[in-house]
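What follows is a set of notes on a single structure, which appears directly below.
The values are calculated or read from the model by the stated rules, or taken from the named source; none is laboratory data. Source: prediction; values computed, not measured. Cβ placement follows ideal geometry from the backbone for every residue including glycine, while neighbour counts extend to all protein chains displayed. Calculation scope for accessible area: heavy atoms of the full protein, side chains included, ligands and nucleic acids excluded. Shrake-Rupley method; radii C 1.70, N 1.55, O 1.52, S 1.80 Å.
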Amino acid sequence: MYYEIVPMARCHIPQIAALEKACFSDPWSETLLEAELFDPQASFLVAEDPEGNVLGYAGLHAVLDEGYIDNIAVKPDARRHGVGSALLDVFCRFGEVNLAFLSLEVRASNTPAIALYEKRLFRRAGLRKGYYQHPREDAVIMTRVFSRDEKEEQP
């Protein structure tokens, strides 16, 4: 499966909003997604196929040296093709150079996502009881701390 990682643009928003509805019980609206285009602390990326179809997307907010991944979503028929990994890898490479840590929340039952994060050196840092609604579920807080050594190894 061929795709390219590009910055989110206004033309992606309707497809991302549809992906949000397909993947999350409390999806972001087009209005909220569009606001991220103008947030200087936000970086939203899209994996798109050669025809411009959104296969997945991810959002990050960076505040000083702290990074918070908002969402990573991949279309069901594009899963297990490396799309989520590629999106996450971009943020991890950014973090290695620019951040002290990256953090995110994930449903406790989402074992494929937890496995992906653990493979990228995220570790369980806590639990938010009843964080998710529809269905009500705990969120596992996962964090990747970037060491000073990782930053010094960068060219």
Practice prompt. Return the pairs, sorted by first residue and then second, in which the second residue is of a type in the set (Ser, Thr, Tyr) and open to solvent by 40 Å² or more (accessible area, probe 1.4 Å), the first residue lies in the stretch 80-93 and is touching a residue at least 40 places away in the same chain (Cβ under 8 Å) and over 11 Å from ARG120 (Cα atoms), the beta carbons are less than 7 Å apart, and the residues are 6+ apart or on different chains.
Written response: VAL83/TYR3
Item to complete: Check the stretch 107-119 and report whether any residue there is in a strand (DSSP E or B) and among the acidic types (Asp, Glu).
Response: no
Practice prompt. For the stretch 76-86, indicate whether the set of residues that are modelled with pLDDT of 95 or more and of a type in the set (D, E, K, R) is non-empty.
Written response: no
Discussion item. Quick check on the stretch 27-43: of everything there that is over 14 Å from LEU60 (Cα atoms) and polar (S, T, N, Q), which residue is most open to solvent (accessible area, probe 1.4 Å)?
Written reply: THR31
Discussion item. So, in the stretch 5-26, how many residues would count as being open to solvent by 60 Å² or more (accessible area, probe 1.4 Å), in contact with a helix residue (DSSP H, G or I) (Cβ under 8 Å, 6 or more places away or on another chain) and either of a type in the set (S, T, N, Q) or more than 26 Å from PRO135 (Cβ to Cβ) (or both)?
Written reply: 2
Worksheet item: Among the residues of the stretch 69-94, how many are open to solvent by 20 Å² or more (accessible area, probe 1.4 Å) and under 9 Å from the mean Cα position of the chain (by Cα)?
Response: 3
